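Step one of this worksheet: look at the structure below.
The values are calculated or read from the model by the stated rules, or taken from the named source; none is laboratory data. Because the structure is predicted, anything quoted here is derived from the model rather than measured. Note that each Cβ is placed from the backbone with ideal geometry, even for glycine, and that neighbours are counted across all protein chains shown. Please note that ligands, DNA and RNA were not included when accessible areas were found on the heavy atoms of the full protein model with its side chains. Shrake-Rupley method; radii C 1.70, N 1.55, O 1.52, S 1.80 Å.
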Amino acid sequence: MLPRGLVSSVFVCGLQWKDCSPSGFLEDGSPEEKTMRNAAPKDNAELEALEQREWRESLDYVIQQGDRGRVQRLLATLRHHARMSGVALPFSAVTAYVNSIHPDEETPLPGSQEIERRIKSLCRWNAMAMVVRANRVSDGIGGHISTYASAATLYEVGFNHFFRGKGRDGDGDIVYFQGHASPGIYARAFLEGRLSAERLENFRHELRSGGGLSSYPHPWLMPDFWEFPTVSMGLAPIMSIYQARFNRYLEDRNLKKPSSSKVWAFLGDGETDEPEALGAISLAAREKLDNLIWVINCNLQRLDGPVRGNGQIIQDLEAVFRGAGWNVIKVIWGSDWDPLLAKDHDGVLAKRMGEIVDGQYQKYAVESGAYLREHFFGSDPRLLEMVKHFSDDQLKRLRLGGHDPVKVFNAYKRATETKGLPTVVLARTIKGYGMGEAGEGKNVTHQQKKMNESDLRSFRTRFGIPISDAQIAEAPFYRPADDSPELQYVRERRKALGGSVPARSVRVEPLKVPLDSVFEEFYKGTGDRKASTTMVFVRMLSKLLREKEIGDLIVPIVPDEARTFGMEALFRAVGIYSHVGQRYEPVDMDTLLYYKEATDGQILEEGITEAGSMSSFIAAGTAYATHGVNTIPFFIYYSMFGFQRVGDLIWAAADSRVRGFLLGGTSGRTTLAGEGLQHQDGNSLVYSLCYPNCLSYDAAYAYELAVIIQDGIRRMYQEQESVFYYLTVMNEQYMMPPMPPDSRDGILKGMYRLKAASNQQAPLRAQLFGSGAILNEVLAAQGILETYGVAADVWSVTSYTQLYRDGHACERWNMLHPAETPRVPYVTQCLRDAPGVYVAASDYCKVLPDSIDRWMPRKIRSLGTDGFGRSEDRAALREFFEVDARFVAIATLAELLEERQIGADVVSRAIKDLGVNADKPNPAVS
Ligand SMILES: Cc1ncc(C[n+]2csc(CCOP(=O)(O)OP(=O)(O)O)c2C)c(N)n1
Ligand SMILES: [Mg+2]
């Protein structure tokens, strides 16, 4: 019987290869064990040593039977038994610092390792030459050599054996390439004959004639090549998780036939420090996404220096991923180390491997074999003995796992065969591998863009590139003849795997569905009934979901906010998507609108994650290209947590040529009452202006929203335009009027005259501009102004951002075509015959109306909600931000005073009559 507390950590964690203790030793035990053992009487120590041996021999016997499952079950039983007997077992989420796959379990690399090595060397060379040449011509143009240099094997094994193109059955793998490795991906496409030498020459010179290559993966810039933007660190990881989940969604909902395609994401180890990178990994495990494989290139370095100088990033990541329920495959050591580890009977080598911190490992990478012998192996005579037959040179060349195709192949093979959980491959490499003195393993390597002649010569020789000494200084691109064994091999492999990767193509049929019947009712208004634009939107969505042709294609996405927007009826109507259906009786089962989860549920109820929801939006909004399916995502969220919170993901969506509708719910700094500073959004429309393919609108009425959404579906899914929409929807309820005749065009362009002044002949005139819920305040101001003898027309401005873009487009065209009839901006056309002063009010920052001032026949006075929100009711908020009807009227009178059409006394009287405190604090700064 073992004394309590002395159970070896071998029983603690899941069985990996050799043992389970983090530092990899069994014989010696932990320092605590040693102390206890030393303190124990000699016969006790002997007894324990005997026990240890017997138990290990028993275990060896079971291991030798060859059934690893049996070993796992046995250890699990022992672990359980120990726990039940009151033995506290320390928890450890890490295994020893050795490979997860034992050499005995490996299969040989199919195909020719030698030809693959030569192909990889050519990719290495051309990727490096691309950056070096670009920087010779344009100093400072940038580019990265060291990232691909460390990851070449990780990619090449994928290209030769795993990544499936869309050619075979139209359903290839989805691969997120690490952004900084793009030169290597271009180099491979060059060998495949997909990119010319001229394009390579124009790396980072996209504007040159003949076309260039974008610095990083950007579908916007290279729409036939790149599928997914990845270079903003942390976004590819989260996007890949939701992409893998969305693939399941499409299959479970019968929008796509089941497939065995995989989602691969290649990440940097430094990248995993981004919160988005690891923030959603538990979802992948929970959803059992065995179609997802991450490969983390653990070169132990990021831009400035080591990722975990004083620790071990691989062990850190292993703990995090195992804790989250992923399958973790560590590929740390190359085959060169196998014989050494095979001799490591007492675990001394594994222990040594586990105790070196990454900063030190980096030092070994740049040092000589003699240094390694002295400092790594020199810590224990048994280690020195192990390597005594190795020369220093051989020691230096001991390869790491991520540079060994056999190790990488076996890791990928196991990853693709793993069922029921996602896999992460943690592959150890050297940053700048092959760059030698120019940067291999050095802290400066990430930024290294140049190689001198001697560096180039060493690189050439190390990888056997057939370039002569005479030519070497030029760093020319090298592509062997088309019928060379290398290129034949490349072609044959890609053909067998279904064509090239990456390759983006749009194979979807344009939707042709008449939707008038869906939207008709909204053009009629709500009569006496009050409604909010959010309620209107939800009704539209419900109707769209019921439409025969496109109902199934609608993908509603909510981040735990459906009830906030009154969407709970949809739970029951179309169900919440869950791969496993509903395994419980929902607490509200007996109600009409119960919380229904279903395998074919349509709503993506993402929980409280705008980043995750946005990733789903991207997956659904790019399915037209990725899967050839026209899914139409509607992602509705608390507007303040959109552009402001996940703006970079929206940028990635824009780059991805996403299509769909973002709906900023509870929008407007004064329309959302009560919630205060954090929630009240006056910012999003301003941000939206900077997203070139995002069309944003601030609709006030049901018919405006209907026109915009109907036209959006036409543009995106019928005309196949790569644009997307940001629409504000509010929670203030008011009567929705019927659509005025001839307003459709203006609604889409950004403004139309809603209500002309009753007395067009009045001497005092004004033009008032209102948007969203504030339009009603502007209409009320029209009435107030009448009492001061001012006749005002009211305009509904649905989109300042569209008016702004149109104004600049006209101005630019006119600048470049001075002799032709000038184009007139739409806003100018609207106001040409509109007399009087101009005042605009919206629930957003004043910069929006200010932005179109330039094309208005007169200057505009803008009212808006610059400043921090407050917890208050609507009336108080609108007074505080000075956007209520009274302020619109006073602003109009102030403009008329400036124009000397009225005296100051009129304005003063109005301020007094309307009960405005002239000395109230300025909301913009309070
Ligand atoms: C969000 C974001 N922040 C910063 C950067 C700048 N950046 C580019 S590469 C890099 C270091 C990458 O290190 P790692 O992820 O380990 O990749 P490696 O090149 O080592 O494979 C940084 C900080 C970026 N691209 N994205
Ligand atoms: Mg790194």
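Shown here for the range 778-885: GluC sites (Glu not before Pro) in loop regions (DSSP other than H, G, I, E, B) with at most 13 other Cβ atoms within 10 Å, namely Glu820. Could you compute the FRET efficiency for Asp853 and Ala918, with r as their C-beta to C-beta distance and R0 at 30 Å, rounded to 0.05? Using R0 = 30 Å, I get an efficiency of 0.70. 3J(HN,Hα) along the range 809-817: 5, 5, 4, 5, 4, 5, 4, 8, 10 Hz, from the Karplus curve 6.51 cos²θ - 1.76 cosθ + 1.60 with θ = phi - 60°, whole Hz, x for Gly and Pro. When all protein chains stay in place and ligands, DNA and RNA are ignored, the 1.4 Å accessible-area order of His80, His579, largest first, is His80, His579. Shape class for the range 639-773, computed from the alpha carbon gyration tensor (a ≥ b ≥ c): oblate, with a/c not under 1.5 and a/b at or below b/c.
Specify whether the C-alpha gyration tensor of the range 328-392 places it in the rounded, prolate or oblate class, a ≥ b ≥ c being the square roots of the eigenvalues: rounded for a/c under 1.5, otherwise prolate if a/b is larger than b/c and oblate if not. In terms of gyration-tensor shape, rounded. Using the Karplus relation 6.51 cos²θ - 1.76 cosθ + 1.60 with θ = phi - 60°, the per-residue 3J(HN,Hα) values for the range 325-335 come to x, 8, 7, 10, 10, 8, 10, 9, 10, x, 4 Hz, with x marking Gly and Pro.
For the peptides 128-138, 648-658, what is the packing order when you average, over each peptide's residues, the other Cβ atoms within 10 Å and list the highest mean first?
Values: 128-138: 20.8, 648-658: 23.2.
So the order, starting with the most tightly packed, is 648-658, 128-138.
Give the calculated FRET efficiency between His375 and Arg397 to the nearest 0.05, with a Förster radius of 22 Å applied to their Cβ-Cβ distance. Numbers along the way, then the final one.
Working: r = 17 Å, r/R0 = 0.78.
Calculated transfer efficiency: 0.80.
Packing, as the average of other Cβ atoms within 10 Å across residues, places the peptides 674-682, 838-846, 728-736 in the order 838-846, 728-736, 674-682, highest first.
Counting only alpha carbon atoms, the long axis of helix 405-417 and the longest principal axis of the chain meet at about 60°. Note the angle between two axes, namely the Cα long axis of helix 485-496 and the longest principal axis of the Cα atoms of the chain, as a number of degrees from 0 to 90, rounded to the nearest 10. Its long axis makes an angle of about 60 degrees. Using alpha carbons only, the radius of gyration of the range 388-503 set against its Kirkwood radius gives Rg/Rh = 1.03. Helix 313-324 and the long axis of the chain differ in direction by around 70°, with both axes built from C-alpha atoms.
Solvent exposure of His81, expressed as accessible area, is near 120 Å², computed with a probe of 1.4 Å over the protein chains only.
Counting only heavy atoms of protein chains, what accessible area per residue, in Å², does the range 197-281 have with a probe of 1.4 Å?
Details: 2850 Å² over 85 residues.
Per-residue value: 34 Å².
Please give the peptides 486-493, 613-620 ranked by average Cβ packing (other Cβ atoms within 10 Å per residue), highest first, as a rough proxy for protection. Intermediate results must be reported in sequence, preceding the final value.
Values: 486-493: 17.1, 613-620: 29.9.
The packing order, highest mean first, is 613-620, 486-493.
For Ile902, the residues 5 or more places off, or on other chains, whose built amide H falls under 5 Å of its own are Leu897. A dipole drawn for the chain from +1 and -1 charges on Cβ atoms has a positive end, and of Ala819, Val348, Leu863 the residue lying farthest that way is Ala819.
Just the number, please: percent antiparallel of the DSSP beta bridges in the chain, rounded to the nearest 5. Mind dumping the intermediate values first?
On the way: 8 of 67 bridges.
Bridges in the chain are about 10 percent antiparallel.
In the context of the full protein assembly, Met222 retains an accessible surface of approximately 10 Å², using a probe radius of 1.4 Å and ignoring ligands and nucleic acids.
Along its principal axes, the range 360-405 has C-alpha extents of 31, 21, 15 angstrom, given from the largest down. The apolar share of the surface of the chain, taken as the fraction of accessible area on carbon and sulfur atoms (1.4 Å probe, ligands and nucleic acids excluded), comes to 52 percent.
Our coupling estimate for the range 565-582, obtained by passing each phi through the Karplus curve with A = 6.51, B = -1.76, C = 1.60 and θ = phi - 60°, is 9, x, 9, 5, 4, 6, 3, 6, 5, 10, x, 9, 5, 8, 4, 9, x, 10 Hz, Gly and Pro reported as x.
Helix-derived [θ] at 222 nm for the chain: sum -39500 (n - 2.57) over DSSP H runs of at least 4, divide by residue count, nearest 500? Intermediate results must be reported in sequence, preceding the final value.
Numbers: 37 runs with 377 residues, N = 926.
Mean residue ellipticity at 222 nm (helix-derived): -12000 deg cm²/dmol.
Using R0 = 22 Å, the C-beta based FRET efficiency linking Ala756 and Thr787 works out to 0.75. Once the chain from Glu54 to Gln678 is taken as fully extended at 0.36 nm per residue, the excess over their C-alpha distance is 218.2 nm. A convex hull fitted to the Cα coordinates of the chain yields 213 cubic angstrom per residue.
If you sort the three axes of the alpha carbon gyration tensor as a ≥ b ≥ c, you get a/c of 1.5 or more for the range 54-120 and a/b above b/c, which makes it prolate.
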